[in-house]
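Shown next, in structure tokens, is the structure this report addresses.
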Amino acid sequence: MRHDPASAAVVIMLRSLKMYGMAQAVTDLIEQGAPAFDAAMPILSQLLKAEMAEREVRSIAYHMKAARFPAYKDISGYDFAASEINEATVRQLHRCEFMDEAQNIVLVGGPGTGKTHVATALGVQAIEHHRRKVRFFSTIE
């Protein structure tokens with residue numbers, strides 16, 4: 001059996017996509033050393049990468065919809081100069097370390113202070129970059 005990195009990567013991608021039957025079939029073809037299969041390996045690898053990327057995009061879109069954000073907001077669109085919010089604290093929260101420590105955050109302030117914007121930006125960051133499930137609630141809910 002050959003153990004080249006490209007073949008191993010294809011088998012790993014198939015397993016991560018939960019395509020166990022195909023992963024076993026590819027392993028068998030690798031062991032047989034089929035020349036036609038060797039020629040098809042780059043195409044198969046490219047197709048699997050495309051499938052993984054598409055699933056990632058669909059997953060993020062699904063989780064963004066399920067979060068029920070009032071609107072899409074990110075931290076780059078927040079005007080810290082026009083607010084009394086501590087920028088360093090918000091940027092620290094934006095790293096989402098509080099989630100790893102199982103901590104909650106509560107944003108308190110008057111109307112128009114940016115609580116919703118910051119909460120949405122934190123949720124978007126958690127979904128897009130940390131693969132977390134998020135649900136947005138306002139105090140009215």
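None of the figures in this text is laboratory data; all of them are computed from the coordinates on show. None of these values were measured; they are calculated from a predicted model.
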**Item:** Estimated vicinal HN-Hα couplings, Hz - region 115-132 in sequence order (Karplus 6.51, -1.76, 1.60; Gly, Pro = x)
**Value:** 4, 5, 4, 5, 4, 5, 4, 5, x, 4, 4, 4, 6, 6, 10, 10, 6, 9
**Complete:** Cα-based Rg then Dmax for region 5-56, in Å, read 10.6, 33
**Fill in**
In whole Hz, the Karplus estimates of ³J(HN,Hα) for region 57-67 (6.51, -1.76, 1.60; θ = phi - 60°; x where Gly or Pro) are 4, 5, 5, 4, 4, 4, 5, 5, 5, 5, 5
**Fill in**
Karplus ³J(HN,Hα) for region 77-89 (6.51 cos²θ - 1.76 cosθ + 1.60, θ = phi - 60°; Hz, whole; x = Gly/Pro) runs x, 8, 9, 5, 5, 8, 9, 8, 5, 6, 4, 4, 5
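Pairs of Cα atoms under 8 Å, at least six residues apart: use those to get the relative contact order of the chain, whole percent.
It comes to 25 percent, rounded to a whole number.
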**Fill in**
As straight-line cross-link partners of residue 49, the qualifying lysines (C-alpha separation under 26 Å, not fewer than 8 residues apart within one chain) are 18, 65, 133
